Amino acid sequence: MEWYYLDGEDRKGPFAEADLGGLVEAGEVGPDTLVWNEDMDDWVAAKESDTLVALVPSLKPKKAPPPPPGKKAPPAPGTGASGGTTASGGGSGPGSGPGAGSGAASMTFLGKAAQSMGGGWGGASKEELHPDSRKGIARLEVYGAALIIMLIIGISQVISLFLSFGAPVSAMTFVLILLNIALVFGLFYGGKQALNGEYTLVRVLFIVVLILSGLGVLGGLMVIGFAPLIGLISLASSGTSIWIAILGLQKIGAAERL
């Protein structure tokens with residue numbers, strides 16, 4: 001099993017289990033250093049990993065001596081007055097977790113949507129997209145924005161077809177249906193490219209979504225007087241698409257700065 005640890009803002013590793021004792025003796029890994037392996041869901045302090053403590057017993061925190069009778073117990077070594085673990089050279093401290101050592105913010109709903117709906121990693125390695133990587137989080141969130149817009153387009157198109165069932169399909173409506181289908185496939189492909197750090201296509205498509213959704217908002221305002229349901233659907237889907245597309249463009253900018 002391979003292990004990683006955080007040294008300030010740097011992730012170190014992978015290291016074999018046989019090397020961990022030497023790292024501890026050299027002072028590179030201490031009880032409060034954040035460690036991770038592929039069987040863990042999150043970074044933990046070395047002293048809190050039963051597996052690691054069993055391999056290197058010196059990581060086990062020492063018990064504080066009991067207080068004299070009638071006196072309050074002093075805080076245990078490595079904790080503050082409130083009982084929380086203090087930071088060490090290994091990067092442990094309040095707010096630590098995946099991405100804490102690299103300064104990454106926690107994953108937003110866009111990244112979680114990508115993980116739940118993505119159905120794969122788009123050719124990028126799972127290690128590269130692990131949530132301890134700020135770049136990995138940004139790529140997942142761009143992908144998630146593309147997936148959410150795809151879902152909005154698909155649902156709104158189905159509802160529109162259902163409401164207009166039986167009515168003659170105009171040439172303009174047919175063109176819009178084809179455009180939406182092309183946009184859905186383009187967003188899926190562009191989102192997959194974003195997972196590998198290619199943002200050109202998805203950026204262009206987010207801008208196209210902004211333009212079309214802006215027109216959708218105007219159309220919804222125009223028809224809401226005589227077709228309230230269709231107008232409200234157009235306003236809701238177009239407004240949400242604008243919001244998600246703006247978030248997606250912001251995430252692309254964040255990813256390119258990393």
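Key figures
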| quantity | calculated |
| --- | --- |
| Rough spin-label spacing in nm, given labels placed 7 Å along Cα→Cβ, for I224 and E48 | 4.8 |
| Nitroxide proxy distance, nm - points 7 Å out along Cα→Cβ at A18 and L55 | 1.2 |
| Long-range amide H partners of V29 with built H, under 5 Å | V24 |
| Packing rank of 216-224, 146-154, where each peptide gets the mean count of other beta carbons within 10 Å, highest leading | 146-154, 216-224 |
| Entries of K12/K47; K12/K192; K112/K251 with Cα pairs more than 22 Å apart | K12/K192 |
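Coordinate-derived values only; no laboratory data. Worth saying up front: this structure is predicted, and the values here are computed from it rather than measured. Using ideal geometry, Cβ is built from the backbone for each residue, glycine included, and neighbour counts are taken over all protein chains shown.
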